[in-house]
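The values are calculated or read from the model by the stated rules, or taken from the named source; none is laboratory data. Keep in mind the model is a prediction, meaning the values are calculated, not measured. Positions of Cβ are generated from backbone atoms using ideal geometry, with glycine treated the same way; all protein chains shown enter the neighbour counts. What goes into the accessible areas is simple: the full protein's heavy atoms, side chains included, and nothing from ligands, DNA or RNA. Shrake-Rupley method; radii C 1.70, N 1.55, O 1.52, S 1.80 Å.
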Amino acid sequence: MIKKTLNKAIVHGLYYVSCLLPPDPVSNRARAYFYKLSGGRRFGKNVAILPFVYINSGKLTLGDNVYLNQRCYIDLSAEVTIGANVKVGPGVSFVTANHEIGDSSTRCGNVKPAPIVVGDGAWIGANAVLLGGCKIGRGAIVAAGAVVTKDVAPDTMVGGVPARLIRDLQREKDATDTSSHLAQ
């Protein structure tokens, strides 16, 4: 209990210290280093975390070249894994905790945490919300403001509330590759 409370205090302290740093490349890397110190975190190379990103206690894995823009919120009630070369827009929320629906006297029941996984090369637009249990496929795009409640296939773009398929990026790439080949 004491260790958990101490870890939470360290996380909060690191958050406040990191917010004092300016949004420049050196400070962005320093912020990542501070967050890594709080335990349960594995960060790849060249991780950049901008000011006012809040990461609570728990397991977090960030691949190489991950960019977390300002005002992101990462709830670590369950593990969050973000692959290499992922760009996360400002104000994005990773919410791993959900609740069971209780009876009419208390609708908000017990917590049900579920992990979130973001594949390599994905792009998460500003103010998107990723809910626990979802997997974002490699090279996928989540449009700004989307609420992701289920898995997103690789190389697709989703948007809306709840997020729905907007287009298949792989099919577009294949069509472009075929037309450029035919033009030769």
Handout entry: Residue selected from segment 26-68 under the condition out of contact with any helix residue (DSSP H, G or I) (no Cβ under 7 Å at 6 or more places or on another chain) and of a type in the set (Phe, Trp, Tyr), by the criterion modelled with the highest pLDDT
Key = Tyr67
Practice task
Quickly run through segment 13-43 and pick out the residues that are touching a residue at least 40 places away in the same chain (Cβ under 8 Å) and under 19 Å from Phe94 (Cα atoms).
Solution key: Tyr15
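Per-residue answers, yes or no, for (1) modelled with pLDDT of 95 or more; (2) open to solvent by 30 Å² or more (accessible area, probe 1.4 Å); (3) in contact with a helix residue (DSSP H, G or I) (Cβ under 9 Å, 6 or more places away or on another chain):
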site	(1), (2), (3)
Glu100	no, yes, no
Asp103	no, yes, no
Cys108	no, yes, no
Ile116	yes, no, no
Asp120	yes, yes, no
Ala128	yes, no, no
Ala144	yes, yes, no
Gly160	yes, yes, no
Thr178	no, yes, no
Practice task
Being under 10 Å from the mean Cα position of the chain (by Cα) and open to solvent by 40 Å² or more (accessible area, probe 1.4 Å) is the filter; apply it to segment 72-94 and report the residue that is farthest from Gly58 (Cα to Cα).
Solution key: Lys87
Handout entry: Positions within segment 130-142 being in a strand (DSSP E or B) and either within 17 Å of Lys59 (Cβ to Cβ) or open to solvent by less than 20 Å² (accessible area, probe 1.4 Å) (or both), in sequence order
Key = Leu130, Lys135, Ile136, Val142
Fill in the blank from the handout: Checked segment 143-158 for anything closer than 24 Å to Ala97 by Cβ and either among the polar types (S, T, N, Q) or in a strand (DSSP E or B) (or both); matches are Val147, Val148, Thr149, Val152, Val158
